[in-house]
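Contents: one structure, followed by commentary.
Values quoted throughout were computed directly from the atomic coordinates according to the rules given, and no laboratory measurement underlies them. As the structure is a prediction and not an experimental result, all values here were calculated from the model. So basically every Cβ, Gly included, is an ideal-geometry build from the backbone, and we count neighbours across all protein chains shown.
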Amino acid sequence: MKPQLLYIILAVLAGSVLPLQAGLNVQLGKSVHQPIFAAFASFLIGTIGLLIYLFILKFDFSTIVQTKTVSPVVWIAGLLGAFYVAAVIILAPKLGTALTFVLVVAGQMTVSLVLDHYGLLGLPVKQINWQRLLGVAFLVVGVLLIRKF
């Protein structure tokens, strides 16, 4: 199997688990009447899972000292992830899973276009063009259709 195809399958798989994660986290949040606890629990279990995976990979933990060289702003990524998970847990029961995720994808595509266009955060430059804007327009139409029906 070509690596590009494997990456595409992995991306679709990663996207497909997000609504499942949201539904499960919503159930957990409802059980304790606190969606933020569900986000916390999700990150805690995820952290434990990743730690176990690092041990399986025999990760060299001594390389962690190299993180001293990265910009402090890089650490905001964890807060962004926490915001995302908490927001989805709060929004999915109010908007429905489909509308929540189509809006999430629309937001992702908009910011992704800007990141690509300017090559921000060290990403390769991929200019915004009419085809890419048409893709975002289709997403907006999708949002409107899902919202209406």
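Mind checking which lysines have their Cα closer than 22 Å to the Cα of K30? Skip sequence neighbours fewer than 8 apart in that chain. Leaving aside lysines fewer than 8 places away in the same chain, those within reach of K30 are K94. The stretch 116-139 and the stretch 26-63 have their alpha-carbon centroids 32 Å apart. Adding -39500 (n - 2.57) for every DSSP H run of four residues or longer, then dividing by how many residues the chain holds, sets the calculated 222 nm ellipticity at -26500 deg cm²/dmol.
Entry note, the chain: relative contact order of 22 percent, from Cα contacts under 8 Å with a spacing of 6+ residues. For the stretch 96-149, the pair-distance distribution built from all alpha carbon pairs, in bins 10 Å wide starting at 0, is 26, 44, 24, 7 percent. When M1, M109 are sorted by how many other C-beta atoms sit within 10 angstrom of their C-beta, beginning with the fewest, the order is M1, M109.
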